[in-house]
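Visitor: Pasting in a structure now, in structure tokens, and then I'll have a few things to ask.
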Amino acid sequence: MPPELRRDPFTGRWVIVAPERGKRPLQDRRQETKRPNVERRSDCAFCAGNELMTPPEVLAYREFGTGSNEPGWRVRVVPNMYPALSPELESITLSDRPFESMAGFGYHEVVIETPFHYRHMGLMERNEVEEVLWAWRDRTLSMEADPRIQHVLIFKNHGYEAGATLEHPHSQIVAASVVPQRVAEEMAMAQEYHAETGRCLWCDVTSLEIEQRKRLVTENDLFVALCPYASTSSYEVSIVPKRHQTGLSELRSHDVGALASILRDVLRRLYIGLDDPPYNLWLHQAPARLASAQLYHWHLEIVPRLSKWAGYEGGSGFYINQVPPEEAANFLRGVSI
Ligand SMILES: [Zn+2]
Ligand SMILES: [Zn+2]
Ligand SMILES: [Zn+2]
């Protein structure tokens, strides 16, 4: 069965039904003890030398003189072998009230962040992180150019408990023909605030946080990293541009440089301070084709997975966070990197 989007008639939430995703191999975890000196694994499709184990690359930043799908790349982007959404399907909606569904049209790609198997993003050099960000930006622009795409989401799962099935450093990009619920909720709050005040909610919150410094982790000229006021998880960190920007398409090279340094800084604090915790990271940017998207302020959310979400969270939508964000920020500020 090809992937399909189904709308929950009770909540209005879209669910992706994608049986192919269940066929993903899980890398042998017995070998998961980190051996930083062993840089390649012969059985890893993302390691240099194993390029033919993945679908052909759609983008790669590589050394001069090396050919596509050969070693010599620094960052490589390939279609996901087990996509949640597929560009080969037509973007059609079927309505058989109360059941509504849509073909699972979209893009699902993997950004292989480094040719080396054991290289945590927090321990990478700044220029290596910058190239990953350029790949996120390049692929966002090209997916948004497809008129059927409404939203591009970038995310990263690090560690088995955070849902990573492969340990080689990678992130994923999913472009869909509907705006994800979480982004739609943030849009609605931003619109409401703008209607009342004439200002951007995120711009206002960011300047307040910089002024108060209670939840500030670190900052540079262009970005601020903070523990959100109502974090859902302990040690959650958001990275927000200080200037109003709607998405990655607005980033110029000085933005990419500043973002790479603050992202590396935050991931390093988590790695050292919390002993390499599993985490999810996602980048929320404005929907691609809504006029009101001008009100959206893009940001990165980094959510360590230190405790499991269970029945209460699932049943109520209330999250219980055991570490006050002020305490988390204070702790992370104190980690020496
Ligand atoms: Zn690998
Ligand atoms: Zn703003
Ligand atoms: Zn968000």
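Visitor: For Trp298, Trp309, which order do you get if you count the other beta carbons within 10 Å of each Cβ and list the fewest first?
Guide: By the 10 Å Cβ count, ascending, the order reads Trp309, Trp298.
Visitor: How big is the charge dipole of the range 193-334 about its Cα centre, in debye rounded to the nearest 20, if each Lys and Arg gets +1 on its Cβ and each Asp and Glu gets -1 on its Cβ?
Guide: Rounded to the nearest 20 debye, it is 180 debye.
Visitor: Just how large is the dipole of the chain about the Cα centre, in debye to the nearest 20, putting +1 at every Lys and Arg Cβ and -1 at every Asp and Glu Cβ?
Guide: For this selection, approximately 420 debye.
Visitor: Would you order Met143, Met189 from fewest to most other beta-carbon atoms within 10 Å of each residue's own beta-carbon?
Guide: Met189, Met143
Visitor: Let me ask another. Distance between Cα centroids, the range 261-310 to the range 97-137: provide it in whole Å.
Guide: About 13 Å separates the Cα centre of the range 261-310 from the one of the range 97-137.
Visitor: Which residue, chosen from Leu52, Leu216, Ala310, occupies the Cα position most advanced towards the positive end of the dipole of the chain, where the dipole is computed from +1 (Lys, Arg) and -1 (Asp, Glu) charges on Cβ about the Cα centre?
Guide: Ala310
Visitor: Moving on. Sort Ile92, Ile149 by Cβ crowding within 10 Å, fewest neighbours at the top.
Guide: If I rank by nearby Cβ atoms, fewest first, I get Ile92, Ile149.
Visitor: Moving on. Would you calculate the separation in nanometres between label points at Glu90 and Ile337, each defined as 7 Å from the Cα along the Cα-to-beta-carbon direction?
Guide: 4.9 nm
Visitor: I would also like to ask the following. What FRET efficiency comes out for the pair Val15/Arg289, r = Cβ-Cβ distance, R0 = 22 Å, nearest 0.05?
Guide: Step by step, r from the Cβ atoms, then E = 0.45.
Visitor: Run the quick spin-label model on Ala188 and Lys308: label points 7 Å from Cα toward the beta carbon, then report their separation in nm to one decimal.
Guide: 3.1 nm
Visitor: No other cysteine beta carbon under 4.7 Å away is the test; run it over the chain and list who passes.
Guide: Flagged as lacking a Cys partner: Cys227.
Every number here is computed from the coordinates shown, using simple stated rules; none is lab data. Keep in mind that this is a model prediction, so the values were computed, not measured. Neighbour counts run over all protein chains shown; Cβ positions are idealised from the backbone, glycine included.
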